[in-house]
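Accompanying notes for the structure given below.
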């Protein structure tokens, strides 16, 4: 098998709020919503943020309904960032643009990377890490 691309699709309740969040927190200024979808192109991954009613139609093909993250379920999207300053800015901007910071940015004692957990307006959790620098 040869995988050509990977897409993760997540439901969102308010496409406009989600668009504002990802433009400002991740610096993706060119993002647009088209036909109920925000397509976020990341290195080796496409992330489709799909308006809830469109996601519901899509997920019925697999016999599923719409589920949003809660304290007992969900996924963690992990992303390596270029600097500690990027991690700090994401933490600060998450709150400003409709999301939340789920932890305080700090060095992970076991891993050595500088990291924070933030959530977008729908509660989709991101682990943002500046990996340890080899010296």
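Quick note: the coordinates plus some simple rules give every number you see, no bench work behind them. Quick caveat: nothing in here was measured; it's all calculated off a predicted structure.
Comparing 92, 56, 109 in a Gaussian network model of the chain where C-alpha atoms under 10 Å apart are linked, the largest mean-square fluctuation is found at 109.
Once you divide the Cα radius of gyration of the stretch 96-135 by 2.2 N^0.38 Å, the number left is 1.31. For the chain, modelled as a GNM whose springs connect Cα atoms under 10 angstrom apart, the maximal fluctuation among 71, 104, 57 occurs at 71.
Compactness of the stretch 1-124, taken as the C-alpha radius of gyration over 2.2 N^0.38 Å, stands at 1.11. Look at where the Cα atoms of the stretch 62-128 and of the stretch 10-56 average out, and the two centres are 16 Å apart. When the helices of the chain are scored as -39500 (n - 2.57) per DSSP H run of n ≥ 4 and the total is divided over every residue, the value at 222 nm lands at -7500 deg cm²/dmol.
DSSP finds beta bridges in the stretch 66-135, and of those with both partners inside it, around 70 percent are antiparallel. Beta bridges assigned by DSSP with both partners in the chain are antiparallel in approximately 65 percent of cases. Among 25, 66, 12, the largest mean-square fluctuation in a Gaussian network model of the chain, built with springs joining Cα atoms closer than 10 Å, belongs to 66.
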